[in-house]
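Novice: Before I ask anything, let me first share the structure, which is written out below as structure tokens.
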Amino acid sequence: MDMATVGEFWDLVVVVWREGVFGVNIAGVLIALLIFSVFMVLRNFFSRFVLRLLERAASRTKTDLDDSIVAALYEPIRFIPVVMGIFFALSVLDVEEGAREFFYNLNRSLIAFTLFWAFYRITTPVSAVLLKAEGVLTRPMVEWIVKAAKIAFIVLGVATILELWGIAVGPIIAGLGLFGVAVALGAQDLFKNLIAGLFVIGERRFHPGDWINVDGVVEGTVQQIGFRTTTVRRFDRAPVYVPNARLADNAVTNFSRMSHRRIRWMVGVEYRTSLEQLRQIRDGIERYILDCEEIADPSEVPTFVRIDSFNDSSIDILVYCFTNTIVWGDWLEIKERLAYAIKEIVEGAGTGFAFPSRSIYLETLPDAPEVFPLSPPPEKASASA
């Protein structure tokens, strides 16, 4: 091996070192990787430093909104050193004009992505401010607004990045519009449910947590009001996904908005009960209802204890009142105590509760059939002897 061969090898090493990867100097690539690695190492330090500054500034205010916003910006802030590392790493590379423009668009896209990601994350804590306007916006309405805002930020972010790369968004939207018309013709139910959901939320028929009954559809507790369906959990804990159009077209009873809960009984006593006993029973039940603090006052709701009708096998007393509570378990306990009191009143009056019965009256008995003799007549018995 002579010196000329060694010189040719060294020249080849120098060429590879200068041209490197895709025409980029290997030294520049190593420096770029080193810069990016430094930013990755300092990522946690940078994030903690910035977050501490923001948290200190937020702690000086009286509202909790800024604290929630700082917590929501945690991940986007941690992504900033990555964007900075890519920017400074690419800036040291000596590349051609085409590659330089590519790197420039890449940096702008990363910055746009970080900004719209931050906006997307902020929408959740901002919704807490909207919830305070209960007189104007309900929780389902706020949830819809937040969902729509998040979708809008995603669409705007994608459109912005496409525009940065020179891709015209207008023709794409126009093409999607024609496609959307075709889709709309086949997705009428989807849009119908969407519009129905807006009406349900706008009319404030019910909120998550309410106990509702939709005629012929479902009865249970509302879990979530979505864009297309509303989730109602039945009392057996099974979820039912009801299209919003069914909720808009059918009658919906919202039991959670009851002011009182009704008790309606027919108490049947025996027909042998005297007039004085009937009055004693009626007055005793009425006195218990009026003295019970758990039962609503007659000035607030209709309350009746009356002899109602003469049934087939009983004299019926109507007991009609309302409880102050609408909680099912408490209502059952009040009904139970009222039942104990009624039984005690009826038995204390010296009578009893009637039960279904039927009386049969016979004016004459039909002719009884002749009894077949089990032994032979006397004359036949003596003859045989």
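Read the figures in this text as sums done on the coordinates, not as results from a lab. Model, not experiment: these values are computed from the prediction. Glycine also receives a Cβ, built like all others from the backbone with ideal geometry; neighbour counts cover every protein chain displayed.
Novice: Between region 299-334 and region 222-243, how far is it from one alpha carbon centroid to the other, in angstrom?
Specialist: With region 299-334 and region 222-243 each reduced to a Cα centre, they are spaced 33 Å.
Novice: Continuing with this model, one more query. Suppose each label sits 7 Å from its Cα in the direction of the beta carbon; what would the Ala148-Leu318 distance come out to in nanometres?
Specialist: My value for the distance between the label points is 4.9 nm.
Novice: Pick out, from Asn311, Leu338, Val269, the residue whose Cα sits farthest towards the positive end of the charge dipole of region 261-348, with +1 on the Cβ of Lys and Arg and -1 on the Cβ of Asp and Glu.
Specialist: Positive-end residue among those listed: Asn311.
Novice: With a cut-off of at most 12 other beta carbons within 10 Å, and DSSP calling the residue loop, which chymotrypsin sites (Phe, Trp or Tyr not before Pro) in region 71-167 qualify? Please list them.
Specialist: Trp165
Novice: Computed FRET efficiency, Cβ-Cβ of Leu162 and Ala238, R0 41 Å: what is it to the nearest 0.05?
Specialist: The formula returns an efficiency of 0.40 here.
Novice: Would you mind ranking Leu73, Leu34 by Cβ crowding within 10 Å, fewest neighbours first?
Specialist: With the sparsest Cβ surroundings first, the list reads Leu34, Leu73.
Novice: Give the residue list of GluC sites (Glu not before Pro) in region 56-101 that are DSSP loop and have at most 11 other beta-carbon atoms within 10 angstrom.
Specialist: Passing sites in region 56-101 are Glu96.
Novice: Next question. Hey, what did region 188-257 get for relative contact order, percent, Cα under 8 Å, at least 6 apart?
Specialist: Relative contact order, region 188-257: 35 percent.
Novice: Going by C-beta contacts inside 10 Å, put Cys321, Cys292 in order with the fewest on the left.
Specialist: Cys292, Cys321
Novice: How would region 188-257 be classified by its alpha-carbon gyration tensor: rounded, prolate or oblate, with rounded meaning a/c under 1.5 and the a/b versus b/c comparison settling the rest?
Specialist: prolate
Novice: Also, quick follow-up: Using only the Cα atoms of region 16-164, what semi-axes does the equivalent ellipsoid have when each is the square root of 5 times a gyration tensor eigenvalue? Give whole Å, largest first.
Specialist: The answer is 40, 20, 8 Å, longest axis first.
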